[in-house]
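The values are calculated or read from the model by the stated rules, or taken from the named source; none is laboratory data. Please read all numbers here as calculations on a predicted model, not as lab measurements. Reconstructed Cβ throughout: ideal geometry from the backbone, glycine too, with neighbour counts over all protein chains shown.
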């Protein structure tokens, strides 16, 4: 996934198998002089509506945004690869065992030697946090569940973004099949205090089904994507995006995860299940200053919280 958007003109639209989803094949660009910071939902919808289609071409943008469909018309906007969520590796480790960009929990078959091809599902629920100002004018955070990334170099993930900009908070949903580009899911509602549930499920033949549901507003989105992933780990993570460096972590206070489960080798259980091993991941600078701290497991190993400490 990613954050600092630089949009280029729309070249083509492709309708995917689900008629309620429109995919924009190249990112959209803000008008000159409007800056290169995060683009808000209203800005994107305005640009879509403002586009004049060539003669004879149906205005699918206008239809997607203005026509009231029977169910939400989701628009997928790709995130340009130079502004990807991750750098060369998704989980940037410190020597003392903490992480520069992850805070939360991961499970693997064995922490010393994770097995491949064992993880087939991960689920989790969290509450979208309210944000508070901190030192930087723009700060960023995401909450997600996913497969892989803890001990290998791919991630199959879906979640929500919670950013604070000079114009106010910016909330949205996204998914990413790293190292491929991620997608911002327009028209999927995300607001502070919403309850979000998400799942990444391996369906076989290199296919992953990613699902996110706003429980509060009763809206769901799912997509099936392909990846030749190792399927070594499952994660429940809070993370600041990466754009030329790890971006300042937004002050989210506390994000609480619940109903967390994983399936490894056909066995489904909590984060703390005895069938596998888990790692509580503290986010910190390389000098040891803590950015975000996970709590101990609660609810029989199915829940925990992550508390913000520093950008």
Members of region 166-179 that are touching a strand residue (DSSP E or B) at 6+ places or on another chain (Cβ under 8 Å) and part of a loop (DSSP other than H, G, I, E, B): 179
Filter result (under 18 Å from residue 226 (Cα atoms) and surrounded by 24 or more Cβ atoms within 10 Å (Cβ to Cβ)) within region 125-158: 145, 146, 147, 148, 149, 155, 156, 157, 158
Taking residue 136, is it in a loop (DSSP other than H, G, I, E, B) and either under 17 Å from residue 292 (Cα atoms) or free of Cβ contacts under 8 Å to residues at least 40 places away in the same chain (or both)? yes
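Here's the yes/no breakdown for (1) touching a strand residue (DSSP E or B) at 6+ places or on another chain (Cβ under 9 Å); (2) more than 21 Å from residue 125 (Cα to Cα); (3) modelled with pLDDT under 95:
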| residue | (1), (2), (3) |
| --- | --- |
| 216 | yes, no, no |
| 222 | yes, no, no |
| 238 | yes, no, no |
| 242 | yes, yes, yes |
| 252 | yes, no, no |
| 257 | yes, no, no |
| 261 | yes, no, no |
| 266 | yes, yes, no |
Residues being touching a residue at least 60 places away in the same chain (Cβ under 8 Å) and in a strand (DSSP E or B) - total across region 223-245: 10
Residue check for residue 287: modelled with pLDDT under 95 and more than 19 Å from residue 199 (Cα to Cα): yes
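What tally of residues in region 206-222 results from selecting those that are buried (at least 20 other Cβ atoms within 10 Å of the Cβ) and farther than 15 Å from residue 178 by Cα?
Taking region 206-222 as the starting set, the residues that turn out to be buried (at least 20 other Cβ atoms within 10 Å of the Cβ) are 208, 210, 212, 214, 221.
Adding the requirement that they be farther than 15 Å from residue 178 by Cα leaves 212, 214, 221.
Count: 3.
Test residue 181 against the stated conditions and say whether it is surrounded by fewer than 24 Cβ atoms within 10 Å (Cβ to Cβ) and closer than 29 Å to residue 137 by Cβ.
On the way: surrounded by fewer than 24 Cβ atoms within 10 Å (Cβ to Cβ): yes; closer than 29 Å to residue 137 by Cβ: yes.
For residue 181, the condition - surrounded by fewer than 24 Cβ atoms within 10 Å (Cβ to Cβ) and closer than 29 Å to residue 137 by Cβ - is met.
How many of the residues in region 179-197 are at pLDDT 95 or above and at negative phi? Break it down stepwise before answering.
Going through region 179-197, the residues at pLDDT 95 or above turn out to be 183-197.
The next check asks that each one be at negative phi; those that pass are 183-186, 188-192, 194-197.
Of the residues in region 179-197, 13 are at pLDDT 95 or above and at negative phi.
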Checking residue 276 against (1) within 18 Å of the chain's Cα centre (by Cα); (2) over 26 Å from residue 136 (Cβ atoms), only one condition comes out false. Which one? (1)
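Looking at 122, 145, 118, 75, which one is at pLDDT 90 or above and more than 20 Å from residue 212 (Cβ to Cβ)? Steps first, please.
Working: 122 fails: more than 20 Å from residue 212 (Cβ to Cβ); 145 fails: more than 20 Å from residue 212 (Cβ to Cβ); 75 fails: more than 20 Å from residue 212 (Cβ to Cβ).
Sole residue among the options that is at pLDDT 90 or above and more than 20 Å from residue 212 (Cβ to Cβ): 118.
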So for region 286-297 (the condition being outside any loop (DSSP other than H, G, I, E, B) and either under 30 Å from residue 206 (Cβ atoms) or without any contact (Cβ under 8 Å) to a residue 12 or more places away in the chain (or both)), does at least one residue qualify? no
Just the residues that are at positive phi and either crowded, with 20+ Cβ neighbours inside 10 Å or part of a loop (DSSP other than H, G, I, E, B) (or both), please, taken from region 246-284. 253, 265, 266
Members of region 285-311 found to be surrounded by 14 or more Cβ atoms within 10 Å (Cβ to Cβ), over 20 Å from the mean Cα position of the chain (by Cα) and under 19 Å from residue 99 (Cβ atoms), listed by number: 285, 290, 295, 297, 309, 310
Of the numbered conditions (1) within 11 Å of the chain's Cα centre (by Cα); (2) outside any strand (DSSP E or B), residue 116 satisfies every one except a single condition; which is it? (1)
Take residue 218 and tell me if it is more than 18 Å from the chain's Cα centre (by Cα) and closer than 24 Å to residue 171 by Cα. yes
Provide a single number: the residues in region 298-311 that are touching a residue at least 24 places away in the same chain (Cβ under 8 Å) and outside any strand (DSSP E or B). 6
Could you run through region 143-163 and say how many residues are part of a strand (DSSP E or B) and under 16 Å from residue 106 (Cα atoms)? 10
